[in-house]
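Below is one structure; the comments refer to it alone.
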Amino acid sequence: MAKIIMKGNEAVAKAAIIAGCRYFFGYPITPQNEVPEYLSRELFAAGGTFVQAESEVAAINMVYGAGSAGARVMTSSSSPGIALKQEGIGYCVAGEVPCVIVSMMRGGPGLGTIQPSQGDYNQATRGGANGDYHIPVLAPGSVQEAVDDVKEAFEIADCYRTPVIVVADGLIGQMMEPVELEKPVKTRNTAPKSTWAIGYGTREKPNTIENLVIDAPACEQKNIRFFKEKYAVIEQNEVKYEEYMMDDSEYAFVAYGTTSRIVRNAVNELREKGYKIGLIKPRTLWPFPQVPFQNKKIKKFLVAEMSMGQMVYDVQLAVGDKEKVTFYGRCGGIIPTPEECAEYAEKVMGGGQ
Amino acid sequence: MITDDKRVRIITGHYGSGKTEFAVNYATILVRLSDRKLAFADMDIVNVYFRSREVRKEIMALGIRMIDSSANTSADLPAVPAEAFAPFEDKNYDYIIDLGGNDIGTNVLGRYKKFINSEETDFFMVVNVFRPDTMNVEKILKVKEQLENTSGLKVTGFVNNSNLVRETKSENILLGDEIISEASRITGIPIKYTTYVEEVVLDMTSEIKAKLSGEVIAMKYFMREPWM
């Protein structure tokens with residue numbers, strides 16, 4: 001299909017419809033407003049249901065309900081709005097309710113700024129809900145990747161019966177880029193709804209979604225099952241990353257989302273000067289890629305983020321040697337330039353061309 | 001010629017059609033060709049990023065009077081300052097107004113209605129046929145009607161800004177020309193300008209330019225960083 005131009009947020013919304021999402025519950029917040037704006041018009045036209053809830057808390061609980069009934073359902077928000085949703089996200093985890101949560105990050109903490117940021121890496125990968133859990137987190141770096149990730153997020157959500165977060169900085173949401181909407185994504189096996197979704201059981205054996213596990217040994221067993229049967233399999237199957245100019249590299253930038261684009265330009269600039277530097281771009285933040293960090297040729301991993309440094313800890317864990325990991329970041333809505341990233345890298349490399 | 005357009009130029013169009021990029025480029029060309037004073041107003045109350053007020057410094061460096069949000073540049077709810085009235089009244093000024101997208105973006109003109117004289121105003125509609133809502137004649141005409149209804153102004157010229165950002169080829173612009181020309185034929189509204197970004201459309205030739213409608217403007221990106 002021919003390409004068209006879409007704004008990231010619109011493309012995210014359109015991708016959800018293409019993926020079969022017919023339910024959206026949300027509450028407005030900049031810089032993701034075009035997602036609900038688009039869906040309020042187009043989801044209805046596609047025969048779906050759009051509700052602007054009275055709050056983010058209400059919206060995520062509507063997601064819990066629709067997901068429990070086996071529907072493909074999505075909500076989206078930005079930083080403080082995602083903070084509000086945390087309790088409900090935890091309930092979706094515990095109830096094994098498939099759903100997709102789009103998080104268009106802005107500068108924080110608190111109300112902060114509406115300008116783009118990556119300060120919610122920890123919020124997405126660690127989460128603010130209670131208990132032991134993981135959520136798959138996909139991190140697009142372009143409008144096309146945002147489209148692909150939203151579609152794939154529904155597949156992952158259904159396959160593992162889990163919430164999936166698509167996390168991007170506000171710039172991805174606001175940027176106009178060419179996209180191919182119908183590009184297919186990998187499909188996955190899913191359990192038939194008759195085995196779990198509310199309304200799909202039988203009169204004798206109705207399906208239920210349960211959060212309360214009052215018996216301690218049973219609650220422990222549930223946790224163990226999640227980690228052994230769900231999270232271990234996701235870690236096995238769902239890791240995604242990209243490498244750029246890494247074949248002969250002695251240094252590697254590590255960046256995701258918008259920062260990966262900026263750093264890519266810095267890599268080009270540094271390559272012209274003769275530096276052997278490349279880029280590792282995680283496409284999933286949980287599960288976090290491990291393989292690219294086992295590369296023994298790399299003298300230093302230069303993590304760049306639009307935050308005070310959050311992914312850097314995952315990189316340290318993956319590399320296994322703190323000394324090899326350095327960090328450069330801008331935050332609070334400031335976008336770094338390729339020039340400042342290149343200048344930082346030159347300092348780290350100390351003229352090691 | 002850009003200098004032959006009416007004194008007040010209002011740049012409108014569908015959301016994401018490239019109005020701001022066109023308006024800023026237009027201003028930089030006009031200020032070079034004209035001895036008259038020039039004011040540029042960012043009246044975009046729709047977008048939260050990619051607003052012309054972000055290139056305020058570059059615009060002012062050219063000697064253009066920049067009028068933009070009296071609140072903070074990155075504010076969610078920008079305020080159009082009282083100063084925006086001045087160039088409507090002061091005929092020594094040429095005036096370029098960069099609106100937000102769609103009929104919602106056009107709403108802001110309501111408060112200037114008394115000051116807008118259609119005799120001295122061009123209302124240019126920027127079109128990118130690769131945007132889903134303006135990808136065919138029917139849709140373009142629908143958007144045109146919405147813009148006219150909220151503004152009370154008639155579109156006086158189309159701007160063919162058809163592009164796929166950094167993937168644009170001259171054939172994309174020619175396709176835009178074909179579609180918008182049909183809209184032009186139906187409405188009698190001329191295609192005043194066709195744009196292309198010089199560093200992107202590498203297969204642009206003088207033969208192709210000759211086939212394009214209106215004045216062909218070579219643009220550069222003001223709103224888009226090299227990594228975007």
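The values are calculated or read from the model by the stated rules, or taken from the named source; none is laboratory data. Nothing here was measured: the structure is a model prediction, and the numbers come from that model. Neighbour counts run over all protein chains shown; Cβ positions are idealised from the backbone, glycine included.
Would you mind finding the one in B:Ile97, B:Ile45, B:Ile104, B:Ile29 that is within 14 Å of chain A (Cβ to nearest Cβ), touching a residue at least 24 places away in the same chain (Cβ under 8 Å) and in contact with a strand residue (DSSP E or B) (Cβ under 9 Å, 6 or more places away or on another chain)?
Details: B:Ile97 fails: within 14 Å of chain A (Cβ to nearest Cβ); B:Ile104 fails: in contact with a strand residue (DSSP E or B) (Cβ under 9 Å, 6 or more places away or on another chain); B:Ile29 fails: within 14 Å of chain A (Cβ to nearest Cβ).
Of B:Ile97, B:Ile45, B:Ile104, B:Ile29, the one residue that is within 14 Å of chain A (Cβ to nearest Cβ), touching a residue at least 24 places away in the same chain (Cβ under 8 Å) and in contact with a strand residue (DSSP E or B) (Cβ under 9 Å, 6 or more places away or on another chain) is B:Ile45.
So, of the residues in region A:12-41 that are closer than 18 Å to A:Leu181 by Cα and within 10 Å of chain B (Cβ to nearest Cβ), which turns out to be surrounded by the most Cβ atoms within 10 Å (Cβ to Cβ)?
A:Glu34
Just wondering, is there one or more residues in region A:166-183 that are at pLDDT 95 or above and away from every other protein chain (no Cβ under 14 Å)?
The answer is yes; a qualifying residue exists.
Please give the helices (runs of 4 or more DSSP H) falling wholly within region B:1-116 in which 1 or more residues are farther than 24 Å from B:Met228 by Cβ.
On the way: elements: B:19-33, B:56-61, B:86-89, B:102-106.
Result: B:19-33, B:86-89, B:102-106.
Can you tell me how many residues in region B:165-197 are aliphatic (A, V, I, L, M), away from chain A (no Cβ under 14 Å) and over 18 Å from B:Leu141 (Cα atoms)? Step through it out loud before you land on a result.
The initial filter retains those residues of region B:165-197 that are aliphatic (A, V, I, L, M), namely B:165, B:173-175, B:179-180, B:183, B:186, B:189, B:191, B:197.
Then drop every residue that is not away from chain A (no Cβ under 14 Å), which leaves B:174, B:180, B:183, B:186, B:189, B:191.
Within this subset, residues satisfying the condition of being over 18 Å from B:Leu141 (Cα atoms) are B:174.
Within region B:165-197, residues that are aliphatic (A, V, I, L, M), away from chain A (no Cβ under 14 Å) and over 18 Å from B:Leu141 (Cα atoms) number 1.
If B:Ile116 satisfies all but one of (1) farther than 16 Å from B:Arg185 by Cα; (2) within 14 Å of another protein chain (Cβ to nearest Cβ); (3) surrounded by fewer than 21 Cβ atoms within 10 Å (Cβ to Cβ), what's the number of the condition it fails?
Unmet condition: (2).
Could you figure out which of (1) of a type in the set (S, T, N, Q); (2) within 14 Å of chain B (Cβ to nearest Cβ); (3) within 27 Å of A:Ala124 (Cα to Cα) isn't true of A:Gln310?
Of the numbered conditions (1) of a type in the set (S, T, N, Q); (2) within 14 Å of chain B (Cβ to nearest Cβ); (3) within 27 Å of A:Ala124 (Cα to Cα), the odd one out for A:Gln310 is (2).
Run down B:Ser151, B:Ser170 and say which single residue is polar (S, T, N, Q) and at pLDDT 95 or above.
Numbers: B:Ser151 fails: at pLDDT 95 or above.
Every option except B:Ser170 fails the conditions.
Considering only region A:1-10, how many residues are more than 10 Å from every other protein chain (Cβ to nearest Cβ) and small (Gly, Ala, Ser)? Spell out the reasoning first.
Step one: list which residues in region A:1-10 are more than 10 Å from every other protein chain (Cβ to nearest Cβ), which gives A:1, A:8-9.
Next cut, small (Gly, Ala, Ser) only: A:8.
Summing the residues that are more than 10 Å from every other protein chain (Cβ to nearest Cβ) and small (Gly, Ala, Ser) in region A:1-10 gives 1.
What single numbered condition from (1) within 14 Å of another protein chain (Cβ to nearest Cβ); (2) part of a helix (DSSP H, G or I) fails to hold for B:Val129?
Unmet for B:Val129, out of (1) within 14 Å of another protein chain (Cβ to nearest Cβ); (2) part of a helix (DSSP H, G or I): (2).
Here are the criteria: (1) part of a helix (DSSP H, G or I); (2) surrounded by 24 or more Cβ atoms within 10 Å (Cβ to Cβ). Tell me which single one A:Met104 does not satisfy.
(1)
Can you find, within region B:56-77, the residue that is modelled with the lowest pLDDT among those that are crowded, with 18+ Cβ neighbours inside 10 Å and closer than 23 Å to A:Ser117 by Cβ? Let's see the steps before the verdict.
Let us first name the residues in region B:56-77 that are crowded, with 18+ Cβ neighbours inside 10 Å, namely B:56, B:59, B:64, B:66-69.
Now narrow it down to the ones that are closer than 23 Å to A:Ser117 by Cβ: B:56, B:69.
On the way: B:Arg56: 91, B:Ser69: 79.
Applying the filter and picking the extreme gives B:Ser69.
Name the residue that is nearest to A:Met175 (Cα to Cα), counting only residues in region B:145-164 that are out of contact with any strand residue (DSSP E or B) (no Cβ under 6 Å at 6 or more places or on another chain) and surrounded by 20 or more Cβ atoms within 10 Å (Cβ to Cβ). I'd like the intermediate steps shown before the answer.
At the first step, the residues of region B:145-164 found to be out of contact with any strand residue (DSSP E or B) (no Cβ under 6 Å at 6 or more places or on another chain) are B:145-146, B:148-152, B:154, B:162-163.
Those still in the list that are surrounded by 20 or more Cβ atoms within 10 Å (Cβ to Cβ) too: B:151, B:162-163.
Values: B:Ser151: 27, B:Ser162: 17, B:Asn163: 14 Å.
Only one residue fits best here, namely B:Asn163.
Count, please, the residues in region A:269-278 that happen to be out of contact with any Pro (no Cβ under 7 Å at 6 or more places or on another chain), surrounded by fewer than 23 Cβ atoms within 10 Å (Cβ to Cβ) and touching a residue at least 12 places away in the same chain (Cβ under 8 Å).
Our first condition is that a residue be out of contact with any Pro (no Cβ under 7 Å at 6 or more places or on another chain); within region A:269-278, this holds for A:270-278.
Remaining after also requiring surrounded by fewer than 23 Cβ atoms within 10 Å (Cβ to Cβ): A:271-276.
Add one more test, that the residue is touching a residue at least 12 places away in the same chain (Cβ under 8 Å), and what stays is A:271, A:273-276.
Total meeting the criteria: 5.
Enumerate the strands (runs of 3 or more DSSP E) found wholly within region B:134-227, keeping only those where 3 or more residues are out of contact with any Lys or Arg (no Cβ under 8 Å at 6 or more places or on another chain). Give the derivation first.
Values: elements: B:157-160, B:191-197, B:215-219.
The strands (runs of 3 or more DSSP E) meeting that bar are B:191-197, B:215-219.
Examine region A:129-143 for a residue that is part of a helix (DSSP H, G or I), crowded, with 24+ Cβ neighbours inside 10 Å and either among the aliphatic types (A, V, I, L, M) or within 14 Å of another protein chain (Cβ to nearest Cβ) (or both), and state whether such a residue exists.
yes
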